[in-house]
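The values are calculated or read from the model by the stated rules, or taken from the named source; none is laboratory data. The shown structure was predicted, so the numbers you read here are calculated from the model rather than taken from an experiment. A quick note on method: Cβ atoms are made from the backbone with ideal geometry, for glycine too, and the neighbour counts reach across all protein chains shown. Areas reflect the complete protein model, heavy atoms only, side chains present, ligands, DNA and RNA absent. Shrake-Rupley method; radii C 1.70, N 1.55, O 1.52, S 1.80 Å.
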Amino acid sequence: MRHEKATKLLDLARRLASSSEGLTLDEMAQAMEVGRRTAERMRDAVWSAFPQMEAIEDPPTRRFRIPSGLDSLFQTPTAEELAALRTAADSNAAAGAEARASALYALEGKLLSALKGSARRRVAPDVEALVQAETIAVHAGPRPFEDQGVLAEIRSAVKGLTALSFRYEGGSQPGRTRTVTPLGILFGRSNYLVSLEGQSPRPRTFRLDRMSEVEALDKPASPPADFSLQAFAAESFGIYHGEIEDVVLRIKPERAEDALRWRFHANQVVTQGPDGVVTVAFRASGMLELVWHLFTWGDAVEIVSPESLKHRMIEELERALAAHRRS
């Protein structure tokens, strides 16, 4: 127990040292998953160990931080942390996300090179043992396109708040050169640029593997102040955006355990009735991608609403059935 408390205090100290604005007591409590009174005691213990910690007035509250950071002694990564980093890098590499994998491998190298020789020799065997004991399950699906040059130009435009130009081989006019305001990148089974084009206020998505001649322009292009990439992504079941629908699904009792552990959508509400049936409700667009996913549940799932989703499911099933009957 003493070891666990010391570890949590050191974790809080690291958070306070890595935050430029500092943390409020409520933020500390949330980060450490404790009550406010416990957070106060933890803050005082950290302050006693690190007297350089300072309080910043931020009415109506106060923020706390360790401005000068922590000594390397307290910042040495654990074998578990390094193994998790390697696993994340391997996962990206296995999925075809070479750019992100390279960045994580480079970060791992920098962390290891920053360790003193004795610390590196001590942690290396444990890292390798953990890496050998964990592996990545590679799922069938498209390999995401991650050209480092394309990503570099997009990121340059995002950081510089400038317009982005590229030739696009998709859409209604293949081969057309487009100039857009980049808003961000959605990484998934395929990777997409999210951007604004022309006078339309509605963000559009462009597949990275269909983009060429990508160039960050010397032309100001700032995203709307109220735009959130996370909120935009949460509107849809997948990548495709359309009309937002109220979706209600019912899953049979024999698949209830799977349904209770499954995340259909970020804003889902999941309930289980006395008969064991699980009801899942959420608001989203992207009904076609939802239909594709619901195929994998077979007859265990029933679409309650909307009616348009039921009709789309029937159409896709009939299309697949007709194709197999012809073969």
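I need the full set of residues from the range 191-223 which are under 12 Å from residue 157 (Cα atoms) and among the charged types (D, E, K, R), in order please.
Answer for the range 191-223, where residues must be under 12 Å from residue 157 (Cα atoms) and among the charged types (D, E, K, R): 215, 218, 219.
Residues in the range 311-327 that are open to solvent by 30 Å² or more (accessible area, probe 1.4 Å) and either within 21 Å of residue 262 (Cα to Cα) or hydrophobic (A, V, I, L, M, F, W, C) (or both): how many?
6
All but one of (1) in contact (Cβ under 8 Å) with a residue 60 or more places away in the chain; (2) assigned to a loop (DSSP other than H, G, I, E, B); (3) buried (at least 17 other Cβ atoms within 10 Å of the Cβ) hold for residue 214; which doesn't?
(2)
Which ones in the range 91-111 are touching a residue at least 60 places away in the same chain (Cβ under 8 Å) and open to solvent by less than 40 Å² (accessible area, probe 1.4 Å)?
Across the range 91-111, the qualifying residue is only 97.
Quickly run through the range 108-139 and pick out the residues that are in a loop (DSSP other than H, G, I, E, B) and either at pLDDT below 75 or among the polar types (S, T, N, Q) (or both).
Result: 116, 134, 135, 136, 137, 138, 139.
Mind checking which residues of the range 163-176 are more than 17 Å from residue 149 (Cβ to Cβ) and open to solvent by 10 Å² or more (accessible area, probe 1.4 Å)?
171, 172, 173, 174, 175, 176
So in the range 1-50, with the set limited to residues that are in contact with a strand residue (DSSP E or B) (Cβ under 9 Å, 6 or more places away or on another chain) and exposed (fewer than 11 other Cβ atoms within 10 Å of the Cβ), which one is modelled with the highest pLDDT?
Checking each candidate, the answer is 21.
Which residues, taken from the range 256-268, are open to solvent by 20 Å² or more (accessible area, probe 1.4 Å) and modelled with pLDDT under 90?
Correct list: 261, 262, 263, 266, 267, 268.
Could you please let me know if residue 225 is without any contact (Cβ under 8 Å) to a residue 24 or more places away in the chain and either more than 27 Å from residue 310 (Cα to Cα) or among the aromatic types (Phe, Trp, Tyr) (or both)?
In short, yes.
Counting only residues that are among the polar types (S, T, N, Q) and open to solvent by 40 Å² or more (accessible area, probe 1.4 Å), how many does the range 280-304 have?
Qualifying residue count for the region: 1.
Cβ-Cβ under 6 Å, sequence separation 6+ or interchain: first residue in the range 176-193 and in the same structural domain as residue 205 (by the TED database) and among the polar types (S, T, N, Q), partner assigned to a strand (DSSP E or B) and open to solvent by less than 40 Å² (accessible area, probe 1.4 Å). Which pairs?
179/163; 179/165; 181/195; 181/196
If you check residue 271 against the conditions, is it surrounded by 14 or more Cβ atoms within 10 Å (Cβ to Cβ) and either not small (Gly, Ala, Ser) or not in a strand (DSSP E or B) (or both)?
In short, no.
Does any residue in the range 112-128 that is without any contact (Cβ under 8 Å) to a residue 60 or more places away in the chain come within less than 7 Å, Cβ to Cβ, of a residue that is open to solvent by 70 Å² or more (accessible area, probe 1.4 Å) and part of a helix (DSSP H, G or I) six or more places away or on a different chain, and which pairs are these?
If the second residue must be open to solvent by 70 Å² or more (accessible area, probe 1.4 Å) and part of a helix (DSSP H, G or I), the pairs left are 112/120.
Which one is modelled with the highest pLDDT among residues in the range 218-251 that are open to solvent by 90 Å² or more (accessible area, probe 1.4 Å) and of a type outside the set (D, E, K, R)?
220
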